[in-house]
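For reference, the structure discussed in these notes is given below.
The values are calculated or read from the model by the stated rules, or taken from the named source; none is laboratory data. Keep in mind the model is a prediction, meaning the values are calculated, not measured. Cβ placement follows ideal geometry from the backbone for every residue including glycine, while neighbour counts extend to all protein chains displayed. Surface accessibility is based on the protein's heavy atoms, side chains included, excluding ligands, DNA and RNA. Shrake-Rupley method; radii C 1.70, N 1.55, O 1.52, S 1.80 Å.
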Amino acid sequence: MFVSLNKKFIYSIVIFFIITALIFLYSFYLTYGLRFQDELKNNISRNQQYVNLLYENNLMRKELKKISDFYPQLKVSQPLSFQTSDNLETTISHEKKRILQLQKNYEDRYASIIGGIKIVGASSVLIFLALLLLWFLLKRWVVTPLQILADVSQNVTSGDLSQRAILKKQRFFLDETDILIDTFNNMLNNLEASIQEIKETENFLQKIIDGIPDGLRVIDKNHNIIIANKAYYKQVGTKDKKLKCFEAAQNRNLPCNTNITNCPLKEICENGKKHIHVIQQFAHNPNKHLYINAAPLKIKNQTMIIEVIRDLSDDIKFSHQQKLSSLGFMATSVAHEMKNHLGAIRMIIERLVEQNDLSKEQEKLLQLVLQQIIESIDVPERLLKLSRITTDENQEINCYNNIKSVVSLVDYEAKSHGINIKIEGDKNLSIIGNENDFKMMIINLILNAIKAGKDNGEIVISINKNKKNKMIAIKDNGCGIAKDVLPHIFEPFYSDGKEGNIGGTGLGLAIVKSIIEKHKGHISVESELGIGTCFYLSFPIKNKK
């Protein structure tokens, strides 16, 4: 229970005064009042005894006188005398006067005691007034400044640093409380300036980390997010800064199960590891793979971790653009080197064909060579068209023609491995999207099938549709994919590289999945070791309405 200093001083003064006055009065009464009463009683009792003895003595003398007169032969050594009634009354009266005088003296002394008590009472009133004056001065000099300091401190605790301790009345004589108030105000001024500087520094640092394109967050050992940037909040899909790391990223009420998920916080804080690299998916967008690079951060003997979270889809796009750029550079080089030579050969063969002295068999063979040269000249043109980066996402893509164009580019690679590529199905099936992305997707899938193929193998590309989807299936009879590997093949940077095959960057199928999802489609795979693999691509048929 809160009791102010003002009330404490008042209650203490009143209680102290009452107890002191009662003790003093009671002690005074016991010391003097009862003592005077006992003396008066003793004097009255003694005088009364004296009067009684006087009466008895006088009566005895009278009786002895009578006996002496009746028996004269009795002799008394001293003559018997007794007081008469008047003398006796006079003596008794004299004794009564003495008793009255004693009583008067007692009354006078008692009156003096009463007067002393009144003086004590008046002194007590003066003391009480002095105590009230002391309380007033204490309130003015101590309680009021402390109350002002307490009110301002409470406002400062609630976050209002603009409040200052100011006395309502200006005092002519300064004391320690005035110095305390001035010091307190100066402390608040310095504190406000320091907090403002800290906020400016914090805003500056926040702007710096917000400028980082990758997600960044700092986590303490209790899973609290100390600081994070805009990219991170975009990755988790929330701006709530009070959520713990597992609540924001995985939408969980409890920390992640470390038997299922590799937790960087536990590995660093509990197992003492220095750096952790993991790939995770956040609940906000489970289709995106995020590469997390975590490291310890020690501040004031407290271990935290700092995580840099990169969206691998950006790397996938970069790799896709890098491949297109490399393909474009290669196409330009091939076109530059081949066109001149093939063009010269074409002109020579055309002149040979125009001669009239050739037999029909020779002319037929030269026409075949000329046709092959013309098709060879078209190869760089197709490469240039494939490598050309376009932003048009609403192109009408004829699946059969574009797949055929891609097959013509990789046909030599397939035949060098003894693999035949066959296209079958609907030649008029079209989808809406980006033509270059579509070709890059088909190239990746065919190249993977060639790498996994066997001698005298076959790759069958089927194109068809049903009521809901347009579908493309790419099937090979190669080595197949193990069941434990199958769930990970679409993860970025995952590359098997078994069976003597050369492992790639692990981005090919991730790029394929990214392109499929950009076209609102879906990819699935079926595979069996030693039998082959089939990738199914499905694109939804848009409602005509």
State all residues of region 262-284 that are of a type in the set (A, V, I, L, M), over 20 Å from Gln302 (Cα atoms) and out of contact with any Cys (no Cβ under 9 Å at 6 or more places or on another chain); if no residue qualifies, say none.
Ile279, Ala283
Go through Asp214, Asp220 for me and flag whichever is acidic (Asp, Glu) and within 17 Å of the chain's Cα centre (by Cα).
Asp220
So which of Ile227, Ile292 ends up being at pLDDT 85 or above, under 30 Å from Lys513 (Cβ atoms), part of a strand (DSSP E or B) and open to solvent by less than 60 Å² (accessible area, probe 1.4 Å)?
Ile292
Which ones in region 451-466 are more than 10 Å from Ile419 (Cβ to Cβ) and assigned to a strand (DSSP E or B)?
Val460, Ile461, Ser462, Ile463, Asn464, Lys465
When the residues of region 232-261 are narrowed to those that are part of a helix (DSSP H, G or I) and farther than 25 Å from Gln302 by Cβ, which ends up most open to solvent (accessible area, probe 1.4 Å)?
Lys234
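Can you tell me which of Asp160, Asp178 is surrounded by fewer than 14 Cβ atoms within 10 Å (Cβ to Cβ) and at pLDDT below 85?
Numbers: Asp178 fails: surrounded by fewer than 14 Cβ atoms within 10 Å (Cβ to Cβ).
Every option except Asp160 fails the conditions.
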Residues within region 411-434 that are hydrophobic (A, V, I, L, M, F, W, C) and out of contact with any strand residue (DSSP E or B) (no Cβ under 9 Å at 6 or more places or on another chain), tallied
0
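So which residues in region 467-483 are part of a loop (DSSP other than H, G, I, E, B) and either aromatic (Phe, Trp, Tyr) or within 9 Å of Ser538 (Cβ to Cβ) (or both)?
Lys468 - this is the single residue of region 467-483 that is part of a loop (DSSP other than H, G, I, E, B) and either aromatic (Phe, Trp, Tyr) or within 9 Å of Ser538 (Cβ to Cβ) (or both).
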Going through region 423-456 one residue at a time, which ones are among the small types (Gly, Ala, Ser) and over 18 Å from Cys479 (Cβ atoms)?
Gly425, Ser430, Gly433
From the options Leu358, Leu342, Leu370, residue that is surrounded by 11 or more Cβ atoms within 10 Å (Cβ to Cβ) and at pLDDT 75 or above
Leu370
Please list, ordered by first then second residue, the pairs with beta carbon atoms under 6 Å, 6 or more apart or interchain, first in region 278-298 and closer than 21 Å to Ile523 by Cβ, second open to solvent by 60 Å² or more (accessible area, probe 1.4 Å).
Ile279/Tyr291; His289/Ile279
